[in-house]
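The values are calculated or read from the model by the stated rules, or taken from the named source; none is laboratory data. Just so it is clear, the model here is predicted, and its values are computed rather than measured. Here Cβ is always computed from backbone atoms with ideal geometry, including for glycine, and neighbour counts include all displayed protein chains.
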Amino acid sequence: MESAFGALSKTMPHDQTRMMPPLLQLQGMTKSFPGVLANEAVDLEVMEGEIHALLGENGAGKSTLVKMIYGILKPDAGVMSWKNAPVNIQNPAVARALGIVMVFQHFSLFDSMSVLENIALGVERGTDKSELENRIVEISNRYGLPLDPGRHVYTLSVGERQRIEIIRCLLQNPKLLVMDEPTSVLTPQEVTKLFETLNRLSEEGVAILYISHKLNEIKALCRKATILRNGKVVASVEVESETPQSLAAKMMGEALQAPSARHHRKAGEVRLEIDGLHNTATDQFSISLKDIRLKVQSGEIVGIAGVAGNGQDELLRAINGEEMCQPADAIQINHQPCANQGPNQRRGLGMASIPEERLGYGAVPAMNLLQNTLLTAFQRLGLVKAGFVDNRRCKSFCLGILESFNVTSSGVLAEAGSLSGGNLQKFIVGREINQTPSVLVVSQPTWGVDAGAAQTIHHALHKLAENGTAILVISQDLDELMGLCDRIAAICSGTLTRAAPVSEITIEQIGMMMAGIENPGTEKSQDVCQPG
Amino acid sequence: MFVSLVKRPERSQWMVYLSPVIALAMTLVSGIILFQLMGVESGKALYAFFVEPITHKYGWAELGVKATPLILIGVALSVGFRANVWNIGAEGQLTLGAICGGGVALFFYGVDSVFVLPLMMVGGILGGMMWAAIPAFLRTRFNANEILTSLMLTYVATLLLSVLVHGPWRDPDGFNFPESRIFSDSATLPVIWAGTRLHLGWIITIAVVAAVWVLMSKTIVGFQVKVVGQAPLAGRHAGFSVNRVIWFSLLLGGAMAGLAGLFEVSGPIGQLLPVISPGYGFTAIIVAFVGRLHPVGVFFAGLLLALSYLGGESAQITMNLPLAVTGVFQGMLLFFLLACDVLIAYQFRLNMTRGAKYG
């Protein structure tokens, strides 16, 4: 692998890289956790001013690798060199002293403090506030990161919050900027802006290590890519000479199946009808739902796109009965008004739902799969008689899930928390689908699962729709929605747009809908999208 | 080379059961050191504390008498603890059970009927439930922490009992001692082992242990309690009401504590006194944890902690040791147990010099 890597770097088109040593060089980086080898002899070279992609599926070991680079994790073995000199990065402070900074997937910001105060927390004590403010303004102008230092964080969108983190990093005059899945929370328009900033930085000689599993972004942004699979480097390539398909094949290690055709489906009668649903936010960090209107027909998959925190969670809870509201006919399942009823009454009407969060929400981690089967299936399947649990029936249903969804586990007595993300998600999806609901609401069906599990889940959803279930998919993954759905709506600040047929809409239009700028079909929305 | 604590990949089932055993061993070792420091012959002291009390039939019966309230309350508290409902005020609920059940006994003073005793039990249960309903209401309505409210109500309860036995319920023929009349025979628990004080409450306690075992392992109610305790969001998703579980576990704890209080006053004590419990309601918390929140474990833990009460008395009589030894042993047991419980999720690892390169 190393020789191939060396050969490739010689063909680099830029002169500077030919003479200069790599800014950061990793050799044989290995890190294991109890029961899993997260990184195995990983080699990586990043040149000055290079935008280098670290590509891999969830769980491939990308985050582990960058955490070692940033000094959060200690490698079990391996050598790191910085400008040809071996370094031992014991902690993030050492990394920052070298010029390595990192923007995490999850931000560490205080909502109730201003932008300036948040940034001031990260810099040395005694720094003059007005001087800091000037530098923030200067950096935000230079790199196209518009941001008002006086605004409070809770009023900012996710994209703006990310800018705070980036500015925080740029204040330290970095040599290497590490970004962990920076676009997973952004609208397409915000992504474009971010890329402009990153290109500007690259021109100024800042190297960027860009972690992602989104192939289009890597094609658009990066020059080189190192691809990880199961903790090992499987390829180190020039992005230009690759297609998204060839990158995907390397990333997943197996030929991808084309998404199953959706023309077998026939939309039938309305199963789920939401008509003028309002739900007032219970605290300042949740979103009020405003006049939601949506119909989902039998045999149809409708998608809801949106940036995280715009009311998706609230909508899911309102539909599945975790939050009840008035009037009763604001939500109808199979023509039965049920907005004022709880989850189990709605399950009785034919509803099933799958929340985004698996551990502690969709499943209880410390309970075994039998108990987790009981969790949402006891009512529809009659697993409880006179208060007593019917273990025999519960077990046969549970075994059915494990078999039909190919769940890898040590059996029905395995703790849910011991399953991998993909297997647990397959179990949860299977638990709901095997109850043959007439309405299924699912949030982020393949969030953080491996490609194989995602494929199984997508296939199962298609099949369920073919058999006449009305399915509502809430997801931030536009590719997923485009592949699954017949119609797509977007949610922004608790307002839902009209659902437009997939054949008549582009990704860009959905992006506009998600940002609350354009609302195809209905009246123009004045809301500016504010995540909660 | 040094020792560090490393998180286990998964919780060790072995340590769940080994932890109380290690804690008990460490308590004994510390006890030996303690006795040595006090200049007491530790072998003899430990014998007096742990063995001497059960060398005779009467001692075994007394073990059951002391274990009755501990097990009864401990098994009910363990249900609440599984639901993450921290009822610390069982002592107060026990006191209210004694007041209400004892009140029934005093009201029917001299009435010779088989219905008096069952009525007293109902009174005891309702009294305990009423006292536990206050923290339940405050928690579900105002989100007030039940640890604080239930604990504070304990002191209100003991003062209430004190007022009653000093005032209106004082025995008219009692030479002004703050004591109620001695309950009539119909209001006294029948003894089930002739020549001892072991009473009907012991049988009922064993039945409650079995019932709670079935409840927690076989029914949907027990399942709800466990789900809400471990993952409240999953409970909400499943459609289980957190508030109902809070009410259920507090009322169950209150009911059993109240019944235990009634057993005390209509059994071994036979009347209402200003102080009716040597802290059974608090010790039951230790019982619940030493018993791993499982009914069978609680049963044996109750016997162990009952022994610590007997041992304290015995050590006081034969060795002239202070009665506080009981509290010290109980405290050390809980202390070491909580410390050992860390090993359920973590393990020790010896670090050799290898880590130095990156350390």
When A:MET102 is evaluated against the numbered criteria (1) touching a Cys at 6+ places or on another chain (Cβ under 9 Å); (2) assigned to a helix (DSSP H, G or I), which criterion, by number, is the only one it fails?
(2)
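Considering only helices (runs of 4 or more DSSP H) fully contained in the stretch B:1-106, which possess at least 2 residues that are without any contact (Cβ under 8 Å) to a residue 24 or more places away in the chain and away from chain A (no Cβ under 14 Å)? Reasoning before the result, please.
Numbers: elements: B:13-37, B:42-46, B:57-82.
Helices (runs of 4 or more DSSP H) meeting the threshold: B:13-37, B:42-46.
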Note on the stretch A:187-214: residues touching a Ser or Thr at 6+ places or on another chain (Cβ under 9 Å), closer than 20 Å to A:TRP447 by Cβ and of a type outside the set (Ser, Thr, Tyr) are A:GLU190, A:VAL191, A:ILE211, A:LYS214
Residue count for the stretch A:426-445, restricted to those that are assigned to a helix (DSSP H, G or I) and over 16 Å from B:ALA238 (Cα atoms)
1
Yes or no: the stretch A:310-332 includes at least one residue that is more than 14 Å from chain B (Cβ to nearest Cβ), surrounded by fewer than 20 Cβ atoms within 10 Å (Cβ to Cβ) and touching a helix residue (DSSP H, G or I) at 6+ places or on another chain (Cβ under 8 Å).
yes
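Can you work out which of the residues in the stretch A:80-98 that are outside any strand (DSSP E or B) and within 11 Å of another protein chain (Cβ to nearest Cβ) is surrounded by the most Cβ atoms within 10 Å (Cβ to Cβ)?
If we filter the stretch A:80-98 for residues that are outside any strand (DSSP E or B), which is where we start, we get A:83-84, A:88-98.
Right, trim to within 11 Å of another protein chain (Cβ to nearest Cβ) and you get A:88-91.
Details: A:ASN88: 13, A:ILE89: 23, A:GLN90: 12, A:ASN91: 11.
Ranking the qualifying residues of the stretch A:80-98, first place goes to A:ILE89.
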Suppose the filter is at pLDDT below 85 and surrounded by fewer than 20 Cβ atoms within 10 Å (Cβ to Cβ); does A:LEU121 pass it?
yes
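From A:ILE166, A:ILE139, grab the single residue that is within 30 Å of A:HIS213 (Cβ to Cβ), assigned to a helix (DSSP H, G or I) and either out of contact with any Pro (no Cβ under 9 Å at 6 or more places or on another chain) or of a type in the set (Asp, Glu) (or both). Before the answer, list the steps.
Numbers: A:ILE166 fails: either out of contact with any Pro (no Cβ under 9 Å at 6 or more places or on another chain) or of a type in the set (Asp, Glu) (or both).
Exactly one residue qualifies, and that residue is A:ILE139.
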Selection from the stretch A:49-79 of residues that are among the aliphatic types (A, V, I, L, M) and surrounded by 20 or more Cβ atoms within 10 Å (Cβ to Cβ)
A:ILE51, A:ALA53, A:LEU54, A:LEU55, A:ALA60, A:LEU65, A:VAL66, A:MET68, A:ILE69
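For the stretch B:97-132, how many residues meet the condition of being of a type outside the set (Gly, Ala, Ser) and within 13 Å of B:LEU251 (Cα to Cα)? Break it down into steps so the answer makes sense when it comes.
So the first thing to find is which residues in the stretch B:97-132 are of a type outside the set (Gly, Ala, Ser), and the list is B:99-100, B:104, B:106-109, B:111-112, B:114-122, B:125-126, B:129-131.
Filter once more, keeping what is within 13 Å of B:LEU251 (Cα to Cα): B:125-126, B:129-131.
Residues flagged as of a type outside the set (Gly, Ala, Ser) and within 13 Å of B:LEU251 (Cα to Cα) within the stretch B:97-132 amount to 5.
Among the residues of the stretch A:350-374, write down those that are assigned to a helix (DSSP H, G or I), surrounded by 21 or more Cβ atoms within 10 Å (Cβ to Cβ) and either more than 9 Å from chain B (Cβ to nearest Cβ) or in contact (Cβ under 8 Å) with a residue 24 or more places away in the chain (or both). Give the steps one after another, and end with the answer.
Taking the stretch A:350-374 and keeping what is assigned to a helix (DSSP H, G or I), we get A:369-374.
Okay, now just the ones that are also surrounded by 21 or more Cβ atoms within 10 Å (Cβ to Cβ), so A:369, A:371-374.
Correct list: A:LEU369, A:ASN372, A:THR373.
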Somewhere in the stretch B:165-179, is a residue over 23 Å from the mean Cα position of the chain (by Cα), more than 30 Å from A:ALA366 (Cβ to Cβ) and in a helix (DSSP H, G or I)?
yes
